[in-house]
Amino acid sequence: MSSQGDFVGRIQDNWRQRAAERTTFRAELRVIPRRLFRVLGSLYFVALAVVALVVSTGHHKVPQHLLGEPLAIKLLAMFGIVTGVAVALSVIVLFYGYIAADAKRRGMSPVLWVLVSLLVPYLIGAILYFVVREPLPMNCPQCGRTVNPHFNYCPACQFNLRPNCPQCRRALRSGDHFCPHCGVTLQPDAPAQVAAPTP
Ligand SMILES: [Zn+2]
Ligand SMILES: [Zn+2]
């Protein structure tokens with residue numbers, strides 16, 4: 001029962017931490033390895049070349065209504081079909097490529113999560129990934145060291161990464177001057193460091 005509570009607490013903590021990750025669609029696209037875009041682009045041009053070869057040599061099955069059309073029209077139509085299929089397949093491949101790369105940078109297993117998102121049907125696996133994924137590693141605001149987002153204190157400089165209100169003990173955000181929950185005035189010089197205990 002308590003491990004179940006820990007699990008729910010951890011998921012909630014992940015949500016809270018991730019809410020602070022300001023990002024854009026473009027920034028997330030850059031998470032996908034360039035290599036994957038290059039491979040997909042190359043495969044697309046190979047597919048176009050194969051279709052052009054097959055259509056121009058006449059050993060092919062073009063759609064019935066294109067049979068009497070000139071070669072250029074046949075080629076254009078077949079290129080259209082190849083492009084449509086390529087775009088649809090690329091979106092799917094890039095989606096799983098994103099999950100793999102994103103899991104890796106969050107310290108989760110890329111293989112496990114790609115498998116879960118592929119094998120659990122109706123996209124439930126993928127949705128599960130986006131629900132439970134870990135927050136990104138963060139930098140300590142004081143010393144800049146990369147720290148685990150679940151830490152309460154920076155292991156290098158003891159900076160309080162999760163300040164609490166000294167009166168009501170609820171979480172504060174760095175830079176708050178008053179507790180948003182009980183209204184107590186926080187130390188004006190170091191409003192985010194109120195709860196650091198002496199060792
Ligand atoms: Zn630090
Ligand atoms: Zn308070």
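The numbered conditions (1) assigned to a helix (DSSP H, G or I); (2) open to solvent by less than 80 Å² (accessible area, probe 1.4 Å) are all true for Arg16 except (2). Determine which member of the set Val31, Val93, Val82 is surrounded by 11 or more Cβ atoms within 10 Å (Cβ to Cβ) and more than 27 Å from Pro110 (Cβ to Cβ). Going through Val31, Val93, Val82 in turn, the sole match is Val82.
Looking at Leu40, Leu48, can you tell me which residue is touching a residue at least 40 places away in the same chain (Cβ under 8 Å) and within 23 Å of Leu94 (Cα to Cα)?
On the way: Leu48 fails: touching a residue at least 40 places away in the same chain (Cβ under 8 Å).
Result: Leu40 is the single residue among Leu40, Leu48 that is touching a residue at least 40 places away in the same chain (Cβ under 8 Å) and within 23 Å of Leu94 (Cα to Cα).
Within segment 178-199, how many residues are outside any loop (DSSP other than H, G, I, E, B), open to solvent by 70 Å² or more (accessible area, probe 1.4 Å) and modelled with pLDDT under 50? I'd like the intermediate steps shown before the answer.
Start the filter on segment 178-199 by keeping residues that are outside any loop (DSSP other than H, G, I, E, B), which leaves 178, 185, 191-193.
Add one more test, that the residue is open to solvent by 70 Å² or more (accessible area, probe 1.4 Å), and what stays is 178, 185, 193.
From what's left, modelled with pLDDT under 50: 193.
Here the count works out to 1.
Put simply, of Val82, Val91, Val46 the only residue that is among the hydrophobic types (A, V, I, L, M, F, W, C), closer than 30 Å to Val132 by Cβ and in a helix (DSSP H, G or I) is Val91. Evaluate segment 139-156: report whether one residue or more is under 30 Å from Gly9 (Cβ atoms), surrounded by 12 or more Cβ atoms within 10 Å (Cβ to Cβ) and in contact (Cβ under 8 Å) with a residue 60 or more places away in the chain. So far as segment 139-156 goes, yes, one or more of its residues are under 30 Å from Gly9 (Cβ atoms), surrounded by 12 or more Cβ atoms within 10 Å (Cβ to Cβ) and in contact (Cβ under 8 Å) with a residue 60 or more places away in the chain. Tell me, yes or no, whether segment 157-165 has at least one residue that is within 16 Å of ligand 2 (Cβ to nearest atom), open to solvent by 30 Å² or more (accessible area, probe 1.4 Å) and at pLDDT below 95. Yes, that holds for at least one residue.
Within segment 131-177, take every residue that is aliphatic (A, V, I, L, M) and part of a loop (DSSP other than H, G, I, E, B) and give me the one that is nearest to ligand 1 (Cβ to nearest atom).
So in segment 131-177, the residues aliphatic (A, V, I, L, M) come out as 131-132, 136, 138, 147, 156, 161, 171-172.
Filter once more, so that each one left must be part of a loop (DSSP other than H, G, I, E, B): 136, 156, 161, 172.
Details: Leu136: 17, Ala156: 5, Leu161: 8, Leu172: 18 Å.
It comes out as Ala156.
Applying the set (1) at pLDDT 85 or above; (2) open to solvent by 60 Å² or more (accessible area, probe 1.4 Å) to Asp6 leaves exactly one unmet item: (1).
Within segment 34-52, restricting attention to residues that are in contact with a Leu (Cβ under 9 Å, 6 or more places away or on another chain) and within 20 Å of Ala72 (Cβ to Cβ), the residue that is surrounded by the fewest Cβ atoms within 10 Å (Cβ to Cβ) is Ala52. With respect to the conditions (1) open to solvent by 40 Å² or more (accessible area, probe 1.4 Å); (2) under 30 Å from Leu123 (Cα atoms), Tyr98 lacks only one, and its number is (1).
The values are calculated or read from the model by the stated rules, or taken from the named source; none is laboratory data. Note that the coordinates shown come from a computational prediction; the quantities given were computed from them, not determined experimentally. All Cβ positions, glycine included, derive from the backbone under ideal geometry; neighbour counts span all protein chains shown. For accessibility, only protein heavy atoms count, side chains too; no ligands or nucleic acids. Shrake-Rupley method; radii C 1.70, N 1.55, O 1.52, S 1.80 Å.
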